[in-house]
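Note sheet for the following structure.
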Amino acid sequence: MEFVKPVIEYAELSPLLIVFGVACLGVLVEAFVPRGGRYLAQVSLGLLGTLAALGAVIWVGIDLEKHGSARGLVAAEGALAVDGPAIFLWGLLLVVSVAGVLLFAERRLEGGVSAFAGQAAALPGTEAEREASTQGLDHTEVFPLMMFALGGMMIFTSANDLLTFFVGLEVLSLPLYLLSGLARRRRLLSQEAALKYFLLGAFSSGFVIYGIALVYGYAGSMSYSGINEAIANSTESRTLLLIGIGLISVGLLFKVGAVPFQAWTPDVYQGAPTQVTAFMAAATKIAAFGAMLRIFYVAFGSERWTWEPMLWVIAIGSMVIGAVLAIAQSDIKRMLAYSSITHTGFLLTGLIGTTSAATAVGDQITSTQSVLFYLVTYGFMTVGAFAIVSLVRDAGGEATHLSRWAGLGKESPVIAGAMTLFLLGFAGIPLTAGFSGKWAVFASAMSGGAWPIVVIAVLTSALAAFFYIRVIVIMYFSEPQGAGPAVTLPSFMTATAIGLGVVVTVVLGVLPGPVLDLAAHAGDFIR
């Protein structure tokens, strides 16, 4: 048998190669660089690597259009699709990751050390942990872990067959399981969050791999185009296919925190280091929705009549249950976690809309365009909000109970003002990016005839505004009990992440057109 050398499009895959190269270099830094020099080396590697990969993404996007292949190409022997949506999502993930690296690098909040445990293997409360804390040990392994997670997310969004899809899912998940358990303070809560995330994540991965086996058994192909062709041309029983779609959906819906697979979200958001929560909440949702769009539209596009009703039910449940449970929360991180479940419902609403530009009429917004735009607005608001949460502190560390935020408007008007902007954005108040994002997904759903779900989404938005405005009232109109809230002055790094979120929230609220046009220009998924 003759061996055929595989063809790898290294230029088009350069962003992925840069990210994984930086991650591997980070591992070598941990092995060979003295402990005192690791922090600077890892931060420099992380920032330079993400910026270099971002530059490569821009170059790939321009190069595809220059050669007249704006729709993209299938690379790595059919494993990855490099098309407009993939490039858009890669760029968004990398910009969010730049903010994530800056948050991970913050050291001023904990008195000169990072928010991560000095020795992850040490049991909470033991002499080993106290010794690590006394020595000020810095857990710099978090930077290569973050880069590996980022690489997995980029694979996940561009996977063009089910095996690559599963590899991307696992590569992005495993580092996040570890990062969730590395908090310097509240170690038991952090380790509990990591354990819950790992167990439930592994359980959902089992559903995914079983679903992949069933879909392969039905279609006889792993590639998305092959599966779609088999669905379109087959007249046989669809039992294997329908069960497989349902099982694969479990893993995707778990990653986005949709009802009824949302139980991990509040516990993990609360227990993980806030810097990890910020990165995970924004980047994972971007990657998972990118993968969801591609697999539903490309692989299962011919079976839309089957999976669309399922998404209707899940979207309504996510919006309603997330908003209702958020009202009862007294912890800011748990409240934002339930808020993210509600936003998952809004994103699913956009996914149900008009599928592609080919079926849109006039200037109607497509589902891909609306979801991509919403992910931009949600991602930056989420990173900014959690970055602010890390600044409000007391003697025990972060003060996440809402009662500790009373009087924050007087104590720190700038921080309170930025948080108010993010909360108004989450609520969808006009002139914020959140309003523009909700308008986009609602318009897409309306164009697809899903007006009942849009009505429920609008009512849910009004309900959700209550718990956002409640936090604003606490910050400005409530008197603190005892000592008032203390805001630690951040370094340039956290301030930059917050500033980036503020700028995007304001600019996309006032002038959403350029990013909407960019999302529209990304076009449809290559098939």
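Rg over Rh for the chain works out to 0.96, both radii taken from alpha-carbon positions and Rh defined as the Kirkwood radius.
Charged side chains reduced to their Cβ positions (Lys and Arg at +1, Asp and Glu at -1) give the chain a dipole of some 960 debye around its Cα centre.
Computed from backbone phi with θ = phi - 60° and the Karplus coefficients 6.51, -1.76 and 1.60, the 3J(HN,Hα) list for segment 40-50 is 5, 5, 5, 5, 4, 4, x, 5, 5, x, 5 Hz; x is used for glycine and proline. In percent, rounded to a whole number, the relative contact order of segment 300-517 is 29, using alpha-carbon pairs under 8 Å and six or more apart. Projecting the Cα atoms of Ser436, Leu459, Ser412 onto the dipole axis of segment 300-517, where Lys and Arg carry +1 and Asp and Glu carry -1 at the beta carbon, places Ser412 farthest toward the positive end. Under a 5 Å amide H cut-off, with hydrogens placed 1.01 Å from N, Arg184 pairs with Phe116, Ala117 among residues at least 5 apart or on other chains.
Under 5 Å between amide hydrogens, built in the peptide plane, is the criterion, and for Asp83 it picks out Leu73 among residues at least 5 positions away or on other chains. Ordered by the number of other Cβ atoms lying within 10 Å of each residue's own Cβ, fewest first, Glu141, Glu411, Glu65 fall into the sequence Glu65, Glu411, Glu141. Helix 84-104 and the longest principal axis of the Cα set of the chain meet at an angle near 10°. The phi torsions of segment 241-246, fed into the Karplus equation with coefficients 6.51, -1.76 and 1.60 and a -60° offset, translate into couplings of 4, 5, 5, x, 4, x Hz, rounded to whole numbers, with Gly and Pro shown as x. For the chain, lysine pairs separated by 8 or more sequence positions, or belonging to different chains, with Cα-Cα distances below 22 Å total 9.
How long is the gain from Ser491 to Arg238 if the chain were fully straight, where each residue apart is worth 0.36 nm and the alpha carbon distance is subtracted? The span from Ser491 to Arg238 would gain 85.4 nm if fully extended.
Given the DSSP H assignment, sum -39500 (n - 2.57) over each helix run of at least 4 residues in the chain and divide by its residue total; what's the result at 222 nm in deg cm²/dmol, nearest 500?
-22500 deg cm²/dmol
For the chain, relative contact order (Cα pairs under 8 Å, six or more residues apart, normalised by length) works out to 16 percent. Taking the fewest neighbouring Cβ atoms within 10 Å as the starting point, the ordered list for Lys196, Lys410, Lys438, Lys333 is Lys410, Lys196, Lys333, Lys438. Work through the residues other than Phe203 whose Cβ is under 13 Å from its Cβ and net out their charges, Lys, Arg +1 and Asp, Glu -1. So the environment of Phe203 carries a net charge of +2.
If R0 is 45 Å, what FRET efficiency do you get for Leu431 and Leu48 from their C-beta distance, rounded to 0.05?
0.80
In the chain the longest region clear of chymotrypsin sites (Phe, Trp or Tyr not before Pro) that are loop-assigned by DSSP and have at most 12 other C-beta atoms within 10 Å covers 11-527.
The numbers here are math on the coordinates, done by the rules we state, and not lab data. Model, not experiment: these values are computed from the prediction. When we count neighbours, we look across all protein chains shown, and the Cβ atoms used for this are built from the backbone with ideal geometry, even at glycine.
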